[in-house]
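Heads up: the structure comes next, in C-alpha cells.
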Amino acid sequence: MKHNEYEYLLNKIYYKGILKSQGINADMYQRMQNEYSNLDVPSLVNGKLDSDYAFRRSFLVVRNYVQQAIKDGLKSFQFSMKVADINKLTYMVDMLNRNFFDKQSLDQIIITANSVFNQYNLKN
C-alpha cells in the first residue's frame, strides 16, 4: 500500500494544520514501510532482532495514529453515519487494540476505513 492511503485517512478526519503542527504525515508510514522492507528473516532466526525492533517501533506509531483517527472520526461523525458503518469502524478499532504486527492487516484496515469515510461528505 502506498503511504497516500494513510495520509488520506488522517486528512479526512483531522484539519491539515493540526497534523502539520504535530509532525504527523506520510513520512511515518514511509519509515514503517522501509523498515518492513529491511526485515531480514535469516537474521531474525539467528537472534539478531535490530531490524524487527525498528519495524515494530514504527509500526506501533502508525497503528496508534490509525486507531486514534478512526476513533476520532467515529466520535465526530457518528450521527451522520449508517449503523453498519459505525459497527464496521468499531470492529476495526477493536482489531487495532490487539497486539499484532502484521503490516498487510494494518493496510487493509486503512483501506477499509477510507472506503467507509469516503461514503460521507465529511467536513471537519
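Only the coordinates and a few stated rules stand behind these numbers; no lab work does. Just so it is clear, the model here is predicted, and its values are computed rather than measured.
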Full extension from Asp94 to Asn118: what is 0.36 nm times the residue separation minus their Cα-Cα distance, to one decimal in nm? 6.6 nm
Cut-off under 17 Å on the C-alpha distance; same-chain residues fewer than 8 positions from Lys82 excluded. Which aspartates and glutamates are left, in chain and number order? Asp72
